[in-house]
1. Listing 66, 76, 92 from the residue with the fewest other Cβ atoms within 10 Å to the one with the most, what is the order?
2. Given a Förster radius of 30 Å and the C-beta distance between residue 42 and residue 108 as r, what FRET efficiency does 1/(1 + (r/R0)^6) yield to the nearest 0.05?
3. Provide, as a two-decimal number, the C-alpha radius of gyration of the range 71-147 over 2.2 N^0.38 Å, N being how many residues it has.
4. Calculate the spin-label point distance for residue 25 paired with residue 127, positioning each point 7 Å from the Cα along the beta-carbon direction, and give it in nanometres.
5. Taking only the alpha carbons of the range 18-162, what extent do you get along each of the three principal axes, in Å, biggest first?
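Derivation of every value follows stated rules applied to the coordinates shown; laboratory data play no part. Treat the numbers as computed from the prediction; the structure is a model and nothing was measured. Reconstructed Cβ throughout: ideal geometry from the backbone, glycine too, with neighbour counts over all protein chains shown.
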């Protein structure tokens, strides 16, 4: 889930600072402190240790905005899993809010993600009206809802900003000729014999699993190549069961 940068600006930013990759443990602890003492993570009961784990996850990209006082804000981006281009977290230090930094961090995130995929995804908590309005002003639209996902009584709202589909009518990907569709290589990896990797499930993945028939169809098409020599009745059973197994493994892989 993303935070509430509490930034009313959507125009030119005046914040004089540098945005760059997370550099050291001290910066990671500063990020964790900002996260653990801000909404929505206070309501979602994320403490310092959990926040530190989130910003130092080696499977994520963490970028920090740094001023003379230290980390002024940060973003955590997920470029893996079912929804490539997922803005997992954004937070701004309390004394830097409402000054344009949130907008600048979002712009930086979009520039990073749009280099590889035409979609940016994020989750915002249903009680975080100010953050939701902020994202809507920046062009994000709600495309799904996860009820009672993290804390009972609240939903996580899936939002997206897009430059187009993953594939165009000419068969090319949304980012230009020769660019592989993000995640297109995941099926061969998952179909291999290597054991699944235990990871934190991607929240966005559960949106996909709620409507998983297209995914199952894709998996079945791929699997048919592997069981083509089996009798027809047995083939269907193997394909169906194996596809469901892979969906379960996707939860761990994401």
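1. On the way: 66 17, 76 24, 92 28.
So the ranking, lowest neighbour count to highest, is 66, 76, 92.
2. Working: r = 25 Å, r/R0 = 0.84.
Plugging the Cβ-Cβ distance into 1/(1 + (r/R0)^6) gives 0.75.
3. Against the compact-globule rule of thumb, the ratio is 1.09.
4. Taking the two extended label points, one gets 3.4 nm.
5. 38, 35, 30
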